[in-house]
Amino acid sequence: MTSPTPPMDSAQAYSIRYHENNQEVALEGSLRPQHAGDLDPVRQCLAEAAASVRGTLYLNLKRLRYLNHLAFLELARFLDHCQREWPDLRLKLVVSSAVPWAPIRFGHLTERFPNAIVEQYDKAFYPGQGVIENDQLIPVLRTQTNIVWAHERELLHRHGLRHGLRVADICCGIGDFAVLLHKEFKPEVIVAVDHSRPFLQYAIQMAKEFGIADIEYHYGDAANLFLSSNTFDFVTSRLSLQIFNRPELILRELLRICKPGGRVYLTNEMMSHNYGYPRHESVSWTYAQTLKMLASLGMDLSIGPKMYSLLTDLGFEDVQMEQIGITNTNTVVEDFARVIESWEEYITGELSTATQTPREVVERLHAGFQDHVYAIRSRRGFAIWPIFVASGRKPLPTRST
């Protein structure tokens, strides 16, 4: 949910957005209204967010550069309203030391409102970050889910997901997709499985923060699941087959735990078709080189279009295939750019170290990712990140005559 910048002069421009995935309202820019009515978009967004969440609502204020007294009083009134209207709701105000006045000024509010706390962004960038072994992946995973979900939520209906089903999310990662499914589709049961204990700890903590108690989290190997056969109506595995060297083993398990007549739903990338113009030669080389590095570790990040064959070969019926094209024309530009910058950090850092990539190649990778970001942010540029979506129905048992 996004509220456009209000009709204020350029010195007072601000934006406010509600990120459903993060249970977070982000308030950015300069909030210095002259009249109370200038704050109507802020009041509306905050009220809608508070009414729609449980557990903790995050107020992301780390990019709020200026705040006058009228706006400060309005935020105080909002905290007071929340304390009276939703006494179990916690509010976490996330601020940055880069805005020196923020920790002190907002800290005064927590003295008056027990349900509110102030967290300095520099000390904890995301809730539960400390339990993640590779903490630089957190912004990648969360921002990716944010921008993909905007396109995926309607697409899921076409692939058979509806309210009240028994759902399994295999390779659930940090659990944000399971939380979104829980909120949007109200499944009868949702079980989330991952092989990373730190990721599961993060997912459990996130669900606790959001007041969700009925997602079952399991530790397990996706190729050897401790789940009963023919149990789930809808089985998902998103952006996961691409990182395993034998994805067919996981697909067989997804097929096994799915009920006859139920569907298995997959998403995977085609990194070879990541594109950015201008500077497209540099962008194309960068992703071709990245694919080689990933392949050396047994990963195939261009498996996306191969899913149709994989599902068909395993005997799935009614195989459906679609493509989500994440572009700078259908996605928040800064969110898209932030994903690519996160990729740059991970690929030129940990991945390059693991694959012993020469320094001169790493420098060229840095430049290529920055060229992709340039294409995303440029007024005349175009950039795309293609994600393929596939699902298939498990056949009903054949009746003997």
Regression test value, accessible area per residue of the stretch 320-386, probe 1.4 Å, units Å², expected 49
Using only Cα atoms, find the angle between the long axis of helix 197-209 and the longest principal axis of the chain, and express it within 0 to 90 degrees, rounded to the nearest 10. 50
Mind listing the phi-derived Karplus ³J(HN,Hα) values for the stretch 289-297, rounded to whole Hz, using 6.51, -1.76 and 1.60 with θ = phi - 60°, and x for any glycine or proline? 5, 4, 4, 5, 5, 5, 4, 5, 9
Degrees between helix 333-346 axis and first principal axis of the chain (Cα, 0 to 90, nearest 10): 60
Over the chain, one equal point on each Cα, no solvent: what is log10 I(q)/I(0) by the Debye formula at q = 0.10, 0.12 Å⁻¹? -0.74, -1.04
Given H placed 1.01 Å from N in the peptide plane, which residues other than close sequence neighbours of G55 have an amide H under 5 Å from its amide H? R90
So what are the ³J(HN,Hα) numbers for the stretch 383-390, from phi and the Karplus equation (6.51, -1.76, 1.60; θ = phi - 60°), rounded to whole Hz, Gly and Pro as x? 9, 9, 10, x, 10, 9, 10, 9
Efficiency of FRET from Cβ geometry, T353 and R77, R₀ 56 Å, rounded to 0.05: 0.65
Please compute P(r) over all alpha-carbon pairs of the stretch 185-288, binned at 10 Å starting from zero, and give each bin as a whole-number percent. 13, 35, 28, 16, 7, 0
With a 10 Å cut-off between alpha carbons and a GNM built on the chain, which of R252, R84, R377 moves the most? R84
Can you list which of the GluC sites (Glu not before Pro) found in the stretch 154-193 are DSSP loop residues with at most 16 other C-beta atoms within 10 Å? E188
Within the under-10-Å Cβ sphere about K92, not counting K92, Lys/Arg +1 and Asp/Glu -1 give a net charge of -2
For K62, other-chain or 5+-apart residues with amide H closer than 5 Å (H placed, Pro excluded) are none
For the stretch 179-253, build the charge dipole from Cβ charges (+1 Lys, Arg; -1 Asp, Glu) around the Cα centre, then report which of N230, I204, I190 sits farthest towards its positive end. I204
Run the quick spin-label model on E154 and N224: label points 7 Å from Cα toward the beta carbon, then report their separation in nm to one decimal. 4.4
Taking a ≥ b ≥ c as the square roots of the eigenvalues of the Cα gyration tensor of the stretch 142-243, is the shape rounded (a/c under 1.5), prolate (a/b larger than b/c) or oblate? rounded
Unit charges at the beta carbon, dipole of the chain: most positive-side option, Q289, A26, S352: A26
If N is the number of residues in the stretch 325-401, what value comes out of its Cα radius of gyration divided by 2.2 N^0.38 Å? 1.71
Portion, in percent, of the accessible area of the stretch 135-235 that falls on carbon or sulfur, probe 1.4 Å: 49
Quantify, in whole percent, the carbon and sulfur part of the accessible surface of the stretch 276-339 (1.4 Å probe; protein heavy atoms only). 53
How large is the accessible surface per residue of the stretch 54-112, computed with a 1.4 Å probe and reported in Å² as a whole number? 52
Gap separating the Cα centres of the stretch 152-224 and the stretch 21-44, nearest whole Å: 31
Amide H within-cut-off set for T231, under 5 Å, with H built and near neighbours excluded: C258, K259
With +1 on the Cβ of every Lys and Arg and -1 on the Cβ of every Asp and Glu, and nothing else charged, how large is the dipole of the chain about its Cα centre, in debye rounded to the nearest 20? 340
In a Gaussian network model over the chain where Cα atoms closer than 10 Å are linked, find which of V361, V191, V264 has the largest mean-square fluctuation. V361
antiparallel share of DSSP beta bridges within the chain, to nearest 5, in %, is 45
Please give the per residue accessible area of the stretch 138-213, computed with a probe of 1.4 Å over protein heavy atoms only, in Å². 34
What helix-only [θ] at 222 nm does the chain give? Using -39500 (n - 2.57) per DSSP H run of at least 4, over all residues, to the nearest 500, the answer is -12500 deg cm²/dmol
HN-Hα J couplings of the stretch 80-89 from phi, Karplus 6.51/-1.76/1.60, θ = phi - 60°, integer Hz, Gly and Pro as x? 5, 4, 4, 5, 7, 7, 10, x, 8, 7
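The values are calculated or read from the model by the stated rules, or taken from the named source; none is laboratory data. In this text the structure is predicted, and so the values were computed from the model without any measurement. Methodologically, a virtual Cβ is constructed for each residue, glycine included, from the backbone with ideal geometry; neighbour enumeration extends over all protein chains shown. Quick note on the areas: whole protein, heavy atoms, side chains included, nothing else; ligands and nucleic acids left out. Shrake-Rupley method; radii C 1.70, N 1.55, O 1.52, S 1.80 Å.
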